[in-house]
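Okay, structure first, notes after.
The values are calculated or read from the model by the stated rules, or taken from the named source; none is laboratory data. As the structure is a prediction and not an experimental result, all values here were calculated from the model. FYI the Cβ positions are ideal-geometry reconstructions off the backbone, even for glycines, and counts take in every protein chain you see.
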Amino acid sequence: MSDFSRREFLKFGAALPLALHSLNARAASTPGVKAPPKRVIFICNSLGFYEPNFFPTKRGDLTSSKYLKEMAVREKMTVFQNLFHPGMETSNHDSEKSFLTGAPSPEATNFTNTISLDQILAREMGGDTRFPYLSFSIYDRGWGCSWNDRGVAIPPMHDERQIFERLFGEENLSAKRQQIENDQQIVKSLYRDMEQIKKKGGDASKIESYRTVILELEAQLKHEEFWLKTKKPEVPNTLSDDQEFAFSTKVRNLFELSKLALQTDSTRVITLSLDWIYGAINVPGATGGWHTLSHHAGKADALNKLSRIEVDIVKHLDRFLAELDQIDEGEGSLLDHTTVVIGSNFGDSSNHTCNNLPTIVAGGGYRHQAHTVLEKPTPLCNLYLELLHKHNVDLGSFGSSKKDLGLLKG
Amino acid sequence: MKQIGLIVVSITCLVGSAVLAASFDEKAVEVLEHYCFDCHDDASQKGNLNMEKLLREDSFDGALMFENLLTGKMPPAKKEQPEAEEKRAVLDWLAKQQRDHHQKSFRRLSRHEFVHSVNDLLGTNLDLAGKIPEDRGTNDFDSNRKIQLSREMLGSYFSVADEMLDQAFPEDGFPVEKSWVVNRVRDSHEMYRSFHRPYQDGTLFSWTRSNNGISYSFFYDGFEPPVAGWYELTFDAAKVADFEDDMSLQVHAGRYYYADDRPQPQRLLGVISLGNREVESRTIRAYLHPGESVSVHCYSRHNFRERNPKRGIYIKQLKVRGPLVDSWPPSSYQQVFDGLPIEAPSREDGEVLGFQTKLQEIGGSVSVSSFQTGMEKEKMQDGSNLTFWHTRFSPTVAKPPHYVIFENPNGAGIEGLSFATWQGGNGNGLVKAFEVYFSDDGKNWGEKVMVGDLDVSFANVQPIVFPKKTTRRFIKFLITDAVSLDGKSIASIGKLDVVTSLRAPAESSAIEVASRSPKDLKGVIRRFAGRAFSSTLSEEELEPYYQLGLLRLDDGGDFVQATKVGLKAILCSPRFLMAPGEHANPSFARAADLARVLWLSVPDEELLSVAAAGEFHGESLRSQVVRMLDDQRSARMIRSFSDQWLNLRGLNKVTPSLKLYPLYDDLLNHFLPIETRRYLQHLVQEDLPARNLIDSDFTFLNQRLARHYGVEGVVGQKMRKVTFPAGSPRGGLMTMASVLKVTTDGFDTSPILRGAWISKNIVGTPLSPPPESVPALEPEHGEAKTLKEQIDQHKSNKTCYACHKSIDPYGFALESFDASGEWRARYKIKQAHRSTFTYRPQGFFKIGAVVDASGEIGEDRFENIFGLKKVLLSNQQKIAYNFAKKFFEYARGEKPNLEQRLHLWDFLGKAEENVRLKNIVTEVLIITLNESKR
């Protein structure tokens, strides 16, 4: 569209017919069709939450948490207290790399990460959707929560408009088909290329490392080819371009895209990393360097500003959960079929400690407990292992897990 | 010590005497016992270091001990010092003792190297690194060997390779070059006359900083790039003011926004410095994308908002030409298909285009129910909402119905109308409600298609979307209600146009390579592979690249398009993406390494011919390094290295507070890193000594930077070498505003962060992360305790102090510079403002305490930045050594091992000229090139 964006059309123009049911809502209403699929989303708030404001002060009562008391879906969430990742004693900000992997000592020079939880789940749950998984971050930094089975970072997408385009933008199908076909032929010639290099005594480890990657690319092309048959879902562009609170807008938009992706069943596995350790950001009620403020050392002014930023994050989370819960699907809501995990690699980022990680599990159809306090420090990976089991992945252990503690009921 | 056996053997080879070797090892341990165990034995373990225990272990990381001993940090100055020979024995032993680290012997191309290399191979000039994900992670350098290729990265190389090949050899030919001449600013509010107003034949722009402090851009109407490409933007402009300084015209591109809206982020394309009062033509070249508009922002420190401004920049007109190609036929063809007959019909020039409405683009026309003289229908079709169409009111008032009819003779698909009220009058006649009708003959209108309301207070364009796209011949916009201040039925419209997504098909000129011969195709691919891989491949090895292209050619495909497939396979091959490639001889490997490090690219003809002659040694290598550093492609290395070494990639992620630093602006921000790059490039090219990294009496400045630094007499925004006045605290890297800014969060300065920056990047003290559960300290400027007192809490805790005594003091010296990099004698304390923040040049702060910039490093006390520079300059070898290590890591993708460090240290101490930067760079390259031969 030429003169103004599609969004403005929708804002000012006549309402377009928006048949925006989840695909599975329709499916479920037909007898004999299987129940809505399960989805997961993991959100890492890398600078954590100020503990006294986050955790309920009265055990079991979410209304005693300054941040969570006004959450719309309190009855569909559980706050876990006393979870941690072992081996993070001197990890500092590097601990973020291990948020979804649990790999110890990420600060070490010879550290290699391990596969992240979402990637294991994507293998199980990702095959049936256009995007086996999606990974988002605030800005172009090349790594987020998701790590592949070789411990290599999966670069997250960060540009909201490009993400929207990828998910919902109209495509020239014949050009895309041609493109995929071309790339498949190129991949074939590159296999022959590798044979030649090998024959000439080229570095075997190099070829092997390349082969692994190109095999994955080939599988990806095949997947894309399959999905050419299905039209992308049509959704209105509801992204905000407000620049007054640019950071807040970005967080909102990433949650919005996550919602749209889940709602349209474009993917079933999402990670979202929320991170900003650079200059000052602007949120309603405060301007300041998030990272500087996170080192509040207990000072009232810093804590006040920091809590404004954290409240803003919680506000977006709240909205996200509430909206998922308003989308009917099968017997319940989209939220009931989506396990939302929000947490952090830091328990107390002011002191760079990684104990008592703030962790919420919401939705997913569990019988939520509001607030579960573990008696002694417990590996977060126990909960991760349990999530794998809940999604039919039969693994004996994950990261530092000892056992599935049965923390999530139902 | 199981290692001893091995050490003895290797040392035997070195010194040739088994007896000596054995005592050698013993001697090292003896020296350590004598000089170090006082503090670092089982009992004392000062600074958590127990050497006694370490030495009992099979292997240990001796890097920290090595560095401290080498650079003279240990033993501390007040303790007994080892003899040179004793020190040497320990260093040698530690170097030998270091276990071979099993790094991969190859690394992948970084995204920047990929894009530069492909540009050089294809003769294109595309900035596409942003389309490939950031690939450095948390490593210090892109080149780090730990970084592995991922599927997502390879996928983006596939698609970026396509994009670059398509730009070089477009399947549909090269779009015709067109010209546009425009002089009108797109929709704007009457109140923005304080920012720009009609003036002579064009527009006078004055300072355009908005109320919220962001720089407004005003967009030119009538030009939008039809295709992505390079365009030449020529402004006929003059300074309208009587002060000495130049005025700056910032030229931006980005998504159009109405000045009422929150500004959308814009890209700065270039800065035009205007000092001449006569109109002159000034040109910048820029790569533009469809959907972007060109906007301007006028900057000068002398004029702030004034009603009907008298001073500013007068722009008579903007002339745009493009998309440009570098030559005809484009050099991509000449470079890749060299030697083959290239058929390039002369490239056609497009007509000069002025402003065109969408209606004009689809060949439509407009008629109205009536008009007032001077307010004709053309006035709502001229791209401006400051001029307007008005129904007749004199001598008689036209009777309703009032309407506008569009004719669409070619049946273009029309999606709706775009409407804007007119700005600047009393509001009489503004349309409040309308109906829309369609017709095939302009007579029978049938039922109305839609009704709607319009917002009369809204100055932006208001889209009117038809329920369904229409191709009918006539569209009537009937006004059913309008503002009437005098009780008469009248109507007026600022802008009304159709909305259509139809674009005129782009005309293009096709180029063909007149060949269908498989032999020619092989030749092209062979030569391209030779340059891309810096080696000569056998026919068998080339076969995978040939095969696809040959098939296409056989199928009757176009020669160029068939070749492209082979080129893409080359660009995505492990030979290209994972360095080093497979080289026929070590000289080619060296050529490839040199080109990658110094140009982020592939070797040029000369490097390849030196490699082919196998002459990459001694003097020929040195002279190649000198040549490559003088070549302008080395600016890529300077940029890449300095951005990473000095952390400048984070520069734009920090925005200084406009309450504290109200004079900070985009223009200054743009030039900050340019100063640093120009300065470093100068140091390297002119082979100046490493002490210039710490201090010097010159730098590179322009008018904007000079003002920031308080340097007088620099007029115009061209960067030039400037000598600092005597007594200036500037000079060297640490006091550059780029560095001073990036080490803060844009509000307060933290001596800890800045101290850590100097420690790591300039002095080279290895830092360990703080231990867990030690409360972090983030000092505040507003507190009762002085900043120094707060930070000196580190002293009260031994664990903290062990490290912080060699971090914080550096930061103290930089306290004389605020978060924008400006000099300060006293702190500023932010003040609250009433209700919404409204930008004002004097900011919102009061003056606080006096800055105390004193500190002590070991035994050396300093009072301020001058003193700190003196302390650091007292050991130039150490500064040079750190620079060498950083450049090594940049070049090689791993830190030098201890043996290499010892070599570098010795080299730097050997002769005075060895601490000169070009010598250091060359020496590092010689070591790393030897390394890649392994």
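Report whether or not B:GLN317 is assigned to a strand (DSSP E or B), in contact with a His (Cβ under 8 Å, 6 or more places away or on another chain) and outside the structural domain of B:PHE671 (by TED's automatic domain parsing). Considered against the rule, which asks whether it is assigned to a strand (DSSP E or B), in contact with a His (Cβ under 8 Å, 6 or more places away or on another chain) and outside the structural domain of B:PHE671 (by TED's automatic domain parsing), B:GLN317 comes out as no.
In this structure, B:LEU340 does satisfy being under 30 Å from B:ALA532 (Cα atoms) and surrounded by 14 or more Cβ atoms within 10 Å (Cβ to Cβ). On inspection, B:SER248 fails the criterion of being out of contact with any His (no Cβ under 9 Å at 6 or more places or on another chain), in a strand (DSSP E or B), hydroxyl-bearing (Ser, Thr, Tyr) and farther than 26 Å from B:LEU165 by Cα.
So B:HIS583 passes all but one of these: (1) modelled with pLDDT under 95; (2) part of a helix (DSSP H, G or I). Which condition number does it fail? Failing condition for B:HIS583: (2). Taking (1) surrounded by fewer than 23 Cβ atoms within 10 Å (Cβ to Cβ); (2) part of a loop (DSSP other than H, G, I, E, B); (3) of a type outside the set (Phe, Trp, Tyr); (4) touching a residue at least 60 places away in the same chain (Cβ under 8 Å) in turn, A:LYS403 satisfies each apart from (4). When the test is whether a residue is assigned to a loop (DSSP other than H, G, I, E, B), on the phi > 0 side of the Ramachandran plot and modelled with pLDDT under 95, A:GLY102 does not pass it.
Looking for something touching a Ser or Thr at 6+ places or on another chain (Cβ under 6 Å), within 30 Å of B:GLU113 (Cβ to Cβ) and assigned to a strand (DSSP E or B) - is there at least one such residue anywhere in region B:172-185? There is at least one residue in region B:172-185 that is touching a Ser or Thr at 6+ places or on another chain (Cβ under 6 Å), within 30 Å of B:GLU113 (Cβ to Cβ) and assigned to a strand (DSSP E or B).
The test for being in a loop (DSSP other than H, G, I, E, B) and either over 30 Å from B:PRO841 (Cα atoms) or in contact with an Asp or Glu (Cβ under 7 Å, 6 or more places away or on another chain) (or both) does not hold for B:GLY322.
Listed here are the residues, each with its yes/no results for (1) more than 20 Å from B:MET736 (Cβ to Cβ); (2) surrounded by 13 or more Cβ atoms within 10 Å (Cβ to Cβ).
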position	(1), (2)
B:ASN797	yes, yes
B:CYS800	yes, yes
B:SER806	yes, yes
B:PHE812	no, yes
B:THR836	yes, no
B:LYS846	yes, no
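Considering region A:120-229, the qualifying helices (runs of 4 or more DSSP H), each wholly inside and each with 3 or more residues that are free of Cβ contacts under 8 Å to residues at least 40 places away in the same chain and farther than 30 Å from B:GLU539 by Cβ, run over A:160-168, A:204-227. Residues that are more than 22 Å from the chain's Cα centre (by Cα), closer than 21 Å to A:LYS69 by Cβ and within 13 Å of another protein chain (Cβ to nearest Cβ) do occur in region A:305-323.
Of all residues in region B:645-696, those satisfying the criterion of being among the polar types (S, T, N, Q), part of a helix (DSSP H, G or I) and away from every other protein chain (no Cβ under 14 Å) are B:THR676, B:GLN681, B:GLN685, B:ASN692. Evaluation of B:GLN335 against the conditions (1) modelled with pLDDT of 90 or more; (2) surrounded by 20 or more Cβ atoms within 10 Å (Cβ to Cβ); (3) in a helix (DSSP H, G or I) shows that the sole unmet condition is (2).
Cβ-Cβ contacts under 8 Å between residues 6 or more apart (or on different chains), taken from a first residue in region B:903-919 that is part of a helix (DSSP H, G or I) to a second residue that is basic (Lys, Arg), are listed as B:LEU904/B:LYS885; B:VAL915/B:ARG691.
Yes or no, residue by residue, for (1) within 30 Å of B:GLN45 (Cβ to Cβ); (2) assigned by TED's automatic domain parsing to the domain that holds B:ILE762; (3) in contact with an Asp or Glu (Cβ under 7 Å, 6 or more places away or on another chain); (4) of a type in the set (Gly, Ala, Ser):
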{"residue": "B:TYR810", "(1), (2), (3), (4)": "yes, yes, no, no"}
{"residue": "B:PHE817", "(1), (2), (3), (4)": "no, yes, no, no"}
{"residue": "B:GLY821", "(1), (2), (3), (4)": "no, yes, no, yes"}
{"residue": "B:ARG834", "(1), (2), (3), (4)": "no, yes, no, no"}
{"residue": "B:PHE837", "(1), (2), (3), (4)": "no, yes, no, no"}
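For the criterion of being outside the structural domain of B:PRO225 (by TED's automatic domain parsing) and in contact with a helix residue (DSSP H, G or I) (Cβ under 6 Å, 6 or more places away or on another chain), B:THR387 passes.
For region A:280-294, a residue qualifies if it is of a type outside the set (A, V, I, L, M) and either farther than 20 Å from A:CYS44 by Cα or in contact (Cβ under 8 Å) with a residue 24 or more places away in the chain (or both), and the qualifying residues are A:ASN282, A:PRO284, A:GLY285, A:THR287, A:GLY288, A:TRP290, A:HIS291, A:SER294. Scanning region B:485-503 for residues that are among the basic types (Lys, Arg) and either closer than 20 Å to B:ILE464 by Cα or modelled with pLDDT under 85 (or both) returns B:LYS495, B:ARG503.
The residue list A:ILE138, A:ILE154, A:ILE180 contains one member that is touching a Ser or Thr at 6+ places or on another chain (Cβ under 6 Å) and within 13 Å of another protein chain (Cβ to nearest Cβ), which is A:ILE154.
Filtering B:SER932, B:SER854 for residues that are at pLDDT below 95, touching an Asp or Glu at 6+ places or on another chain (Cβ under 8 Å) and under 30 Å from B:LYS659 (Cα atoms) leaves a single hit, B:SER854.
If we keep just the residues of region B:171-191 that are modelled with pLDDT of 80 or more and aliphatic (A, V, I, L, M), which is surrounded by the most Cβ atoms within 10 Å (Cβ to Cβ)? For region B:171-191, the residue satisfying everything is B:VAL185.
Of all residues in region B:123-151, none that is part of a loop (DSSP other than H, G, I, E, B) and of a type in the set (A, V, I, L, M) has its Cβ atom under 6 Å from the Cβ atom of a residue that is surrounded by fewer than 19 Cβ atoms within 10 Å (Cβ to Cβ) and at pLDDT 95 or above, 6 or more apart or on another chain. Looking at B:ALA510, B:ALA532, B:ALA569, B:ALA579, just one residue is more than 12 Å from chain A (Cβ to nearest Cβ), in contact (Cβ under 8 Å) with a residue 24 or more places away in the chain and either buried (at least 20 other Cβ atoms within 10 Å of the Cβ) or of a type in the set (Val, Ile, Thr) (or both), and that residue is B:ALA532. Residues in region B:731-756 that are at pLDDT below 95 and more than 14 Å from every other protein chain (Cβ to nearest Cβ): B:GLY755 alone. Residues that are more than 14 Å from every other protein chain (Cβ to nearest Cβ), of a type in the set (A, V, I, L, M), assigned to a helix (DSSP H, G or I) and under 25 Å from A:GLU195 (Cβ atoms) within region B:586-606 comprise just one, B:ALA592.
With a cut-off of at least 3 residues that are of a type outside the set (Asp, Glu) and under 21 Å from B:LEU908 (Cα atoms), name the helices (runs of 4 or more DSSP H) lying wholly within region B:37-120. In region B:37-120, the matching helices (runs of 4 or more DSSP H) lie at B:63-70, B:84-97.
Checking the stated criteria, B:SER609 turns out to be in a helix (DSSP H, G or I) and of a type in the set (Ser, Thr, Tyr).
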